[in-house]
Number of protein chains: 2
Amino acid sequence: MPKIDKDAAPRSSGTRYPPPHDEPCKLREWRRLGDAAGLTQFGVSLFRLAPGVWSSQRHWHSHEDEFVYVLTGELVLVTDKGEDILRAGDCAGFPAGQRDGHCLQNRSTDDAEILVVGSRNDEDHGEYSDIDMVFTSGRYSGKSGYRHKDGSPY
Amino acid sequence: MPKIDKDAAPRSSGTRYPPPHDEPCKLREWRRLGDAAGLTQFGVSLFRLAPGVWSSQRHWHSHEDEFVYVLTGELVLVTDKGEDILRAGDCAGFPAGQRDGHCLQNRSTDDAEILVVGSRNDEDHGEYSDIDMVFTSGRYSGKSGYRHKDGSPY
């Protein structure tokens, strides 16, 4: 059946960010629901963010639209425009190419669950707004990596 | 802010299916959350299905992946393999090109809410599994329409 067995969906956790940028994301966990259903055109992941954990470093994408929907808990959405609280039922979208970085930080005392949808484009690259880091293209062909903004490797 | 104002998101309702195929979908309602955020690479819609209402006639897509996540209520997922119950927290995925039609039917006595994600490809076309109807390509350029399976118009 196309119904997705969430418990059997492929799981991921942590981050490949180089230290010290990995720190707030080390404990993030997600289930790859779209992969479980055989979807290839966009990713759908169910993230669980424990208290203190961030969804990512604040970033933007050159070629990929992104959408988040909060299922449980409370998160702080950080963008260039400031901070906003997202609670269960709240959602946000980030169009490709808009150079306004975003991330979701769990500053509460309870876990939060969010659904994250992102298109998949191997050309995609982007920058992290608050730190000296970029991610290069080739994320789906295994060629992507993290660099300083001057292009030098970590 | 990229936080989406759900109340201000563009709304749609009903269906353009020709009679009598429109009957179970006449009262469906949805808010176009992805459009509200300026997303173009995939659509994200929040559907509200009252008791008796179907998400669509049972169909498949040639070029578009589709994903549904049940937020509230209970729905019956119908596919070639039979029926399955989806409750809050359940989800399902339908890869492009798999000719196994699906729809969600609210046979309960309460409203149901689902998040529906679909990629956007103007080449997309498909068939309705249980009725003599197809939809032709051009849905995003205004050229799409409904036909009998022999190609004749409705």
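The values are calculated or read from the model by the stated rules, or taken from the named source; none is laboratory data. From a predicted model like this one, the values you see are computed outputs, not experimental measurements. Counting neighbours? That spans all protein chains shown, and the Cβs are built from the backbone with ideal geometry, glycine included. Please note that ligands, DNA and RNA were not included when accessible areas were found on the heavy atoms of the full protein model with its side chains. Shrake-Rupley method; radii C 1.70, N 1.55, O 1.52, S 1.80 Å.
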- Message: Running a GNM on chain A with Cα contacts under 10 Å, which residue among A:Leu39, A:Leu71, A:Leu49 ends up with the highest mean-square fluctuation?
- Response: A:Leu39
- Message: At a cut-off of 40 Å², which residues of region B:24-44 become less accessible once all protein chains are present than in their chain alone, using a 1.4 Å probe?
- Response: B:Leu39, B:Gln41, B:Phe42
- Note on the structure: Applying the gyration tensor rule to the Cα atoms of region B:27-137 (axes a ≥ b ≥ c; rounded if a/c under 1.5, else prolate if a/b exceeds b/c, else oblate), the class is oblate
- Note on the structure: Amide H proximity to B:Met133 below 5 Å, modelled H, separation 5+ or other chain, gives B:Tyr128, B:Lys149
- Accessible area expressed per residue, region B:36-86, with surrounding protein chains retained (probe 1.4 Å, Å²): 32 Å²
- Mean-position separation - Cα centroids, region B:79-154 and region B:17-59, in angstrom: 10 Å
- Query: For the pair A:Ser13 and B:His148, how long in nm is the line joining their label points, each one 7 Å along Cα→Cβ?
  - Reply: 5.9 nm
- On the accessible surface of region B:109-154, probed at 1.4 Å with all protein chains in place, carbon and sulfur together account for a percent value of 44 percent
- Note on the structure: Under the Karplus relation with 6.51, -1.76 and 1.60 and θ = phi - 60°, whole-Hz ³J(HN,Hα) for region B:98-104, x at Gly and Pro, equal 7, 7, 10, x, 9, 7, 10
- Note on the structure: CD proxy, 222 nm, chain A: helix-only mean residue ellipticity via -39,500 (n - 2.57) per DSSP H run with n ≥ 4, per residue, nearest 500, stands at -500 deg cm²/dmol
- Item | Nm distances between copies for B:Gly52, ranked from closest, using label points 7 Å along Cα→Cβ | 5.4
- Query: Around B:Asp80, which amide H atoms from residues at least 5 apart in sequence, or from another chain, sit under 5 Å from its own amide H, with H modelled in the peptide plane?
  - Reply: B:Gly101
- Query: Mind checking which lysines have their C-alpha under 25 Å from B:Lys149, skipping anything on the same chain fewer than 8 residues away?
  - Reply: B:Lys26, B:Lys81
- Note on the structure: For chain B, the dipole about the Cα centre with charges only on Cβ (Lys and Arg +1, Asp and Glu -1), to the nearest 20 debye, works out at 420 debye
- Query: Using θ = phi - 60° and the Karplus form 6.51 cos²θ - 1.76 cosθ + 1.60, what ³J(HN,Hα) does each residue of region A:71-82 get, whole Hz, x for Gly and Pro?
  - Reply: 8, 9, x, 9, 10, 9, 8, 10, 9, 4, 7, x
- Message: Which residue fluctuates most in the GNM of chain B (Cα springs below 10 Å): B:Ser12, B:Ser62, B:Ser141?
- Response: B:Ser141
- Item | In nm, spacing of pseudo-spin labels at A:Ser141 and B:Asp132 (7 Å Cα→C-beta vector) | 4.8 nm
